[in-house]
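Asker: So that we are looking at the same thing, I have put the structure below in structure tokens.
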Amino acid sequence: MRTINLIVIHCSATREDKSFTEYDLDVCHRRRGFNGTGYHFYIRKNGDIKSTRPIERIGAHSRGFNKESIGICYEGGLDANGCIADTRTAAQKDAMFWLIINLHHRFPDIKVILGHRDLPGVQKACPCFDATKLQPLLEV
């Protein structure tokens, strides 16, 4: 098993008024040359948590940080007009909190939660909210 000390939060950068399934995400990543979805988990608008990549497999979501991280992506990130926004539903927030707490119990070496945008050299708004505010979940 690999050492995991970081959770990186992402958004799918899709509009809140459109559906973007885990299958759509997989197709999108394969078109970009990945061997399947790069994130380990995908959280749908209804709060369903989809396992999209085995944790044992190094992710393809955060260049330079994949080896030691777990990638979580949520469906959304853009409002109905296509503008950057925190579009997480209450169900997505609850699912994300639950997932982070459970991952931390499984991998106690996880010490940091960052958004993709918080990583060095990243010039994106992803995940369209301040993921560092999730850090207290590692103390639960």
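The values are calculated or read from the model by the stated rules, or taken from the named source; none is laboratory data. These numbers come from a predicted model, not from an experiment. Virtual Cβ from ideal backbone geometry, glycine too; neighbours counted across all protein chains shown. Just so you know, the surface numbers come from the protein's heavy atoms only, side chains and all, with ligands and any DNA or RNA stripped out. Shrake-Rupley method; radii C 1.70, N 1.55, O 1.52, S 1.80 Å.
Asker: If you count only protein heavy atoms and use a 1.4 Å probe, how large is the accessible surface of residue 55, to the nearest 10 Å²?
Answerer: Here the residue's solvent-accessible area equals roughly 10 Å².
Asker: What is the local net charge at residue 17, summed over the other residues whose Cβ is closer than 11 Å to its Cβ (Lys, Arg +1; Asp, Glu -1)?
Answerer: Neighbourhood net charge equals +1.
Asker: Provide the per-residue ³J(HN,Hα) series for segment 9-24, in order, calculated from phi with Karplus coefficients 6.51, -1.76, 1.60 and θ = phi - 60°, each as a whole number of Hz, with x at glycine and proline positions.
Answerer: Coupling constants for segment 9-24: 9, 10, 10, 7, 6, 10, 6, 5, 8, 10, 8, 9, 6, 5, 6, 4 Hz.
Asker: On to the next question. Taking square-rooted eigenvalues a ≥ b ≥ c of the alpha carbon gyration tensor, is segment 67-109 rounded, prolate or oblate, where a/c under 1.5 means rounded and, failing that, a/b exceeding b/c means prolate?
Answerer: Oblate shape, in that a/c is at least 1.5 and b/c is the bigger or equal ratio.
Asker: Among the lysines in segment 1-132, how many pairs, 8 or more places apart or on different chains, have alpha carbons under 19 Å apart?
Answerer: Eligible lysine pairs with Cα atoms under 19 Å apart amount to 6.
Asker: Compute the signed sum of charges (Lys and Arg +1, Asp and Glu -1) over the other residues within less than 9 Å, Cβ to Cβ, of residue 59.
Answerer: +3
Asker: While we're looking at this one, here's another question. In square angstrom, rounded to the nearest 10, how much accessible surface does residue 105 have for a 1.4 Å probe?
Answerer: It works out to around 120 Å².
Asker: Output wanted: per-residue J couplings in Hz (rounded whole) for segment 80-97, from phi through Karplus 6.51 cos²θ - 1.76 cosθ + 1.60, θ = phi - 60°, x for Gly and Pro.
Answerer: 5, 8, x, 8, 4, 6, 7, 9, 4, 7, 4, 5, 5, 4, 4, 5, 5, 4
Asker: May I ask what percent, to the nearest 5, of DSSP beta bridges between residues of the chain are antiparallel?
Answerer: 20 percent
Asker: Quote the charge dipole size of the chain about the Cα centre in Debye, to the nearest 20; the model charges only the Cβ of Lys and Arg (+1) and of Asp and Glu (-1).
Answerer: Charge dipole of the chain: 420 debye, to the nearest 20.
Asker: May I pose another question? Probe radius 1.4 Å, ligands and nucleic acids left out: which of 22, 56 has the largest accessible area, and how do the rest follow?
Answerer: From most accessible down to least: 56, 22.
Asker: Near residue 107, within a Cβ-to-Cβ distance under 12 Å, what is the net charge of the other residues, with Lys and Arg +1 and Asp and Glu -1?
Answerer: Result for the local shell: 0.
Asker: Something else: Determine ³J(HN,Hα), in whole Hz, for all residues of segment 48-54 in sequence, where each value follows from phi through the Karplus function 6.51 cos²θ - 1.76 cosθ + 1.60 and θ = phi - 60°; x replaces Gly and Pro.
Answerer: For segment 48-54, the Karplus curve yields 5, 9, 9, 7, 10, 7, x Hz.
Asker: Could you tell me whether segment 21-133 comes out rounded, prolate or oblate from its Cα gyration tensor? Rule is a ≥ b ≥ c as square roots of the eigenvalues, rounded for a/c under 1.5, then prolate if a/b exceeds b/c, otherwise oblate.
Answerer: It is rounded, given that a/c, with a ≥ b ≥ c, falls under 1.5.
Asker: Taking amide H positions as placed in the peptide plane 1.01 Å from N, state which residues far from residue 14 in sequence (5 or more) or on other chains have amide H under 5 Å from it.
Answerer: The answer is 76, 77, 78.
Asker: Roughly speaking, to the nearest percent, how much of the chain's 1.4 Å accessible area is carbon and sulfur?
Answerer: Whole-percent figure for carbon plus sulfur exposure: 52.
Asker: For segment 19-96, what is the accessible area per residue in Å² when the probe is 1.4 Å?
Answerer: I get 49 Å² per residue for segment 19-96.
Asker: What value, in deg cm²/dmol to 500, does the helix sum -39500 (n - 2.57) over DSSP H runs of n ≥ 4 give at 222 nm once divided by the residues of the chain?
Answerer: -6000 deg cm²/dmol
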